[in-house]
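Written below as structure tokens is the structure these notes are about.
None of the figures in this text is laboratory data; all of them are computed from the coordinates on show. None of these values were measured; they are calculated from a predicted model. Positions of Cβ are generated from backbone atoms using ideal geometry, with glycine treated the same way; all protein chains shown enter the neighbour counts.
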Amino acid sequence: MPTPDDVSTVAWSEKSVASGKAVNVPQALVGLLSPDGKVRNRSYWQLDNEIVLQSDLYEAAYFVIPFLVRSLSEKAVYGRDCIYDLLYEIAQGDSPATVVCQTNDGDLVPLKEACARELNKGLSVFVRDSADGNNVISAKAKELLELLGANTSPDIAAAAPLLPASRGLVEATPAPERGR
């Protein structure tokens with residue numbers, strides 16, 4: 001699970017969010033995994049209202065994805081439902097092609113593409129979770145896979161036919177609005 005030390009490896013004060021710089025993102029990432037439901041909820045909304053706001057992606061979204069996917073891959077005890085909700089919001093998010101992000105690989109690419117590439121790295125985790133014994137997690141993983149399968153990103157669209165849960169979904173209509 002991401003620890004305060006792990007999340008401090010990113011220069012958050014240099015990453016943009018809706019309100020300016022991402023200085024509060026590390027604390028929110030750690031809080032997302034809290035056993036306290038109120039802390040998880042507050043952390044979720046801190047992230048949702050900063051890294052992707054009303055479907056607008058901000059630079060910090062790209063850097064949050066690896067921590068979220070890692071928490072899922074390690075089957076975090078708390079917060080997996082919130083993590084899937086955030087990943088869904090990021091996957092559904094958009095940004096102008098002129099908004100670029102320097103990826104962890106050193107590439108300078110449009111932010112939306114950078115996020116799609118990073119989400120693509122978690123596909124095996126999402127497929128695994130689509131068969132999770134927790135029906136909520138399974139449903140959320142399937143929803144995310146469906147959205148990623150419908151995504152027009154070359155990386156994700158190319159991987160979609162390989163995913164049992166998303167076969168035939170490349171032509172699917174966008175997922176319905178998510179209620180909370």
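Things to note:
- Tally of residues being within 30 Å of Val39 (Cα to Cα) and not in a strand (DSSP E or B) across the range 79-113: 20
- Residues of the range 95-136 that are touching an Asp or Glu at 6+ places or on another chain (Cβ under 6 Å) and farther than 21 Å from Ala61 by Cα: Val136 alone.
- Some residue of the range 98-109 being touching a Leu at 6+ places or on another chain (Cβ under 7 Å) and over 16 Å from Pro66 (Cα atoms): yes
- Lone qualifier among Ser43, Ser95 - being crowded, with 19+ Cβ neighbours inside 10 Å, touching a Leu at 6+ places or on another chain (Cβ under 6 Å) and under 26 Å from Asn134 (Cα atoms): Ser43
- Comparison of Asp132, Asp107 shows that the only residue that is surrounded by fewer than 15 Cβ atoms within 10 Å (Cβ to Cβ) and farther than 18 Å from Tyr44 by Cβ is Asp107.
- Pick from the range 3-35, criterion part of a helix (DSSP H, G or I) and among the small types (Gly, Ala, Ser), ranking: nearest to Trp45 (Cα to Cα): Ala28
- A single member of Leu72, Leu57, Leu53, Leu87 is buried (at least 20 other Cβ atoms within 10 Å of the Cβ) and out of contact with any Asp or Glu (no Cβ under 7 Å at 6 or more places or on another chain), and it is Leu87.
- Restricting the range 21-53 to residues that are within 20 Å of Ala114 (Cβ to Cβ) and not hydrophobic (A, V, I, L, M, F, W, C), the residue that is nearest to the chain's Cα centre (by Cα) is Asp48.
- Conditions (1) in contact with a helix residue (DSSP H, G or I) (Cβ under 9 Å, 6 or more places away or on another chain); (2) over 23 Å from Gly149 (Cβ atoms); (3) of a type in the set (Asp, Glu): number failed by Glu74: (1)
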